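The values are calculated or read from the model by the stated rules, or taken from the named source; none is laboratory data. From a predicted model like this one, the values you see are computed outputs, not experimental measurements. Here the Cβ positions follow ideal geometry from the backbone for every residue, glycine too, while neighbour counts run over all protein chains shown. We work out accessible area using only protein heavy atoms, side chains counted, and drop any ligands, DNA or RNA first. Shrake-Rupley method; radii C 1.70, N 1.55, O 1.52, S 1.80 Å.
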Amino acid sequence: MRRDAKRRKMAGQYAEERLRLVAMKRNDILPIEIRDLVEKEIQEKIPRQTALRQLTFRCVVTSRPRGVVHRWRFSRIVFRSLADYNKLAGIQRAMW
């Protein structure tokens, strides 16, 4: 969990700058020389771990990386056990 928290914090710090530079890099109107300079700046200044696609959604209880219900940030196992005992507001187990 510490690594995940650290990556999320770093991604928040560099989010605005990364978004600005990536938008410039993908802009077709700008000359190729400027886009190459921007790409070089991205590689030198911004850490690679700040990319949003590298963040892994993990369960806040067990730190499990797979089977996470994103809305509640619980793994499917924890979510089901909490839903069984009515510990989640507005969640009811399906019965028919």
Checklist entry - Within segment 73-88, is even one residue aromatic (Phe, Trp, Tyr), under 13 Å from the mean Cα position of the chain (by Cα) and surrounded by 10 or more Cβ atoms within 10 Å (Cβ to Cβ)? => result no
Item to check | Residue satisfying all of: in segment 37-46; surrounded by 12 or more Cβ atoms within 10 Å (Cβ to Cβ) and out of contact with any Phe, Trp or Tyr (no Cβ under 7 Å at 6 or more places or on another chain); nearest to residue 14 (Cα to Cα) among these | outcome: 42
Next on the checklist: Could you go through segment 53-72 and let me know if any residue there is surrounded by fewer than 11 Cβ atoms within 10 Å (Cβ to Cβ) and not in a loop (DSSP other than H, G, I, E, B).
Outcome noted: yes
Next on the checklist: Going residue by residue through segment 1-19, is there one that turns out to be open to solvent by less than 100 Å² (accessible area, probe 1.4 Å), without any contact (Cβ under 8 Å) to a residue 24 or more places away in the chain and in contact with a helix residue (DSSP H, G or I) (Cβ under 7 Å, 6 or more places away or on another chain)?
Outcome noted: no
